[in-house]
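In what follows, a structure is listed as structure tokens, so that the remarks can point back to it.
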Amino acid sequence: MILKQKTLLEVLPPDLDRDRLPKHVAAIMDGNGRWAKRQGMPRIMGHRQGVYALKDLLRCCKDWGIPALTVYAFSTENWGRPLEEVEFLMTLFEKVLRRELAEMMAENVRIRFVGNLEALPTSLQEEIARSMEDTKNNQDVEFTVATNYGGRQEIIQACREIAKKIKTGEIEPEAIDEQIFEEHLYTHDISNPDLLIRTSGEMRISNFLLWQMAYAEIYVTETPWPAFDREAFHQALIDYQQRERRFGKVGKKI
Ligand code: IPE
Ligand code: IPE
Ligand code: MG
């Protein structure tokens, strides 16, 4: 059997501790528009370029053994952008999904979408359904794409689901706890993120995974999303490994 030789880029950088990698990385892929403007191009070119950054990050998670990646692709508030930009993004999502499905199969990536998917164009919904179905048994990376996603909206829909079950007597109000609540979120079978990366400098959550982010380590970089490459991810992981996660307890270093 011929084993494929790993290139230098594919192996985990030696200054990272394999045992202390985040199990789940989330990313707010911000700064596409600003990146494009800086290059003298229209904003949409930043979105197009951003796809390459995402592909690279996904491959990096696979190569370095990070089992879950969740990215914010379109927020419930992003509908407020100019119509041409929204339409470009919807078409881009659909094209990329169609184009990349074979590779996700080859790379053993399971793709899932979270958000209010029913409000998306029908043709995009079809591609989404197909990609989720085709990749559902893949196991190397759990790749989740938040599309038409809003943290508040997710919490409200979970409340509605629970309220319905209370009405039919399926759940007692006193029985509601964190676990039951989590079971009604879009992310019910995905762990909470350990590390949140936000590109392009903004220090805010912008309605992303509000519940799930309770104890995520937040890393903000000035690098805009289209320029966020393996080296930038490496730096984020170095930073993460220097953090002491205390979860409200007293730390070892103090
Ligand atoms: C993030 O980049 C991509 C989406 C929100 C779809 P932006 O489009 O927000 O880029 P900036 O923040 O305006 O530079
Ligand atoms: C967050 O970025 C949403 C996505 C990356 C999809 P925005 O650019 O929409 O966030 P704000 O407007 O700067 O808060
Ligand atoms: Mg932005």
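The values are calculated or read from the model by the stated rules, or taken from the named source; none is laboratory data. Keep in mind that what you see is a predicted model, and the values were worked out from it rather than measured. Cβ atoms come from the backbone with ideal geometry, glycine included; neighbour counts cover every protein chain shown. Note: accessible area is taken over every heavy atom of the protein model, side chains too, but ligands, DNA and RNA are not part of it. Shrake-Rupley method; radii C 1.70, N 1.55, O 1.52, S 1.80 Å.
The residue pairs whose first member lies in region 151-169 and is over 23 Å from Asn78 (Cα atoms), whose second member is modelled with pLDDT of 95 or more and exposed (fewer than 11 other Cβ atoms within 10 Å of the Cβ), and whose beta carbons are closer than 8 Å, counting only pairs six or more residues apart or on different chains, are Ile166/Glu172; Ile166/Pro173.
Across region 19-34, what is the number of residues that are away from ligand 2 (no atom under 12 Å from the Cβ) and more than 16 Å from the chain's Cα centre (by Cα)?
At the first step, the residues of region 19-34 found to be away from ligand 2 (no atom under 12 Å from the Cβ) are 19-25.
Checking the rest, the ones that are also more than 16 Å from the chain's Cα centre (by Cα) come to 19-21.
The qualifying residues number 3.
Within region 244-254, not a single residue is within 30 Å of Leu185 (Cα to Cα) and part of a helix (DSSP H, G or I).
Take Thr91 and decide whether it is touching a Pro at 6+ places or on another chain (Cβ under 9 Å) and within 15 Å of ligand 1 (Cβ to nearest atom). Here the answer is yes, as Thr91 does meet what is asked. Of the residues in region 31-52, none is open to solvent by less than 60 Å² (accessible area, probe 1.4 Å), more than 9 Å from ligand 1 (Cβ to nearest atom) and touching a strand residue (DSSP E or B) at 6+ places or on another chain (Cβ under 7 Å). Criterion applied to Leu58, Leu16 was being in contact (Cβ under 8 Å) with a residue 12 or more places away in the chain and either in contact with a Lys or Arg (Cβ under 9 Å, 6 or more places away or on another chain) or closer than 21 Å to Glu100 by Cβ (or both), and the one residue passing it is Leu58. All of (1) within 11 Å of ligand 1 (Cβ to nearest atom); (2) surrounded by 16 or more Cβ atoms within 10 Å (Cβ to Cβ); (3) over 17 Å from the mean Cα position of the chain (by Cα) hold for Asp63 with one exception: (1).
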